[in-house]
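Read the figures in this text as sums done on the coordinates, not as results from a lab. None of these values were measured; they are calculated from a predicted model. All Cβ positions, even for glycine, are placed from backbone atoms using ideal geometry, and neighbour counts span all protein chains on display.
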Amino acid sequence: MGILKSGINGPVRNKTGSSVARMHRNINVVTGAYRKSNKPPTALQLEAQAKFSLLSSFLGSIDDLVKTGFKQYSKGKDPINVASSYNFNHAFLVDGTDFTLNYPELVYSRGYIVPAESPGVLTLPAQIGFNWLPQRQSTYCRYTDLATFLIYNPAKKMAFRRALVTDRYAQGHLLDVPPNFAGDTVHCYMSFASKDGKLQGNSIYVGELICV
């Protein structure tokens, strides 16, 4: 039996007919009761499920970056789900019935802070170096903005990141990468945030390289 607490505008709980009421993130939600379908999933449904699983695996491996980077766009929703929805339409490279992640198009952060100017990456023994050009200061581009770096290894499905480790003025940063990354192709990203961490910027794809 469904229960209306404090009248029709108050919180509700339990099942009423074909509807189920529950509290989700401090919001009263009423949904239809789950009905198991005996119909097998279509090819399009299976493809969508596989794509969602692949994208979720990537975003889940950097959930700390995503939760911070998409927080201001979530408005009570799960930032991982918001990031998945934002990325989904451009997240894949399709070749017939096969598909892979389109790494240069993936985004883990969005915001007003200006991204790095002409960023680049280079590989060194057990290290990856990021660099970028100097930029004129403005409201959303300060020398004190802090950089976050992400290195993703598809072969091992591992993400190596360092958050807020150097400022924009430094124009470069060296990262020590895990020894077992040697010989693997990795994808590199970076983003800036304000010094106090309250404002984020768009993450950008910097490049692909092979670790040595």
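Worth a mention:
- The Cα center of the range 69-88 and the Cα center of the range 95-124 differ in position by 17 Å.
- Only Lys, Arg (+1) and Asp, Glu (-1) charged, at Cβ; the range 43-210 dipole about Cα centre in debye: 620 debye
- A Förster radius of 25 Å combined with the Cβ-Cβ distance from Glu117 to Thr185 puts the calculated FRET efficiency at roughly 0.45.
- Spin-label model distance (nm) - Ser53 vs Thr97, 7 Å beyond Cα toward Cβ: 1.5 nm
- Extension gain, Leu209-Asp78: 0.36 nm per intervening residue step, less the Cα-Cα distance, totals 43.9 nm.
- Set Lys39/Lys157; Lys39/Lys75; Lys51/Lys156; Lys51/Lys195 screened for pairs whose C-alpha atoms are more than 29 Å apart: Lys39/Lys157; Lys39/Lys75; Lys51/Lys195
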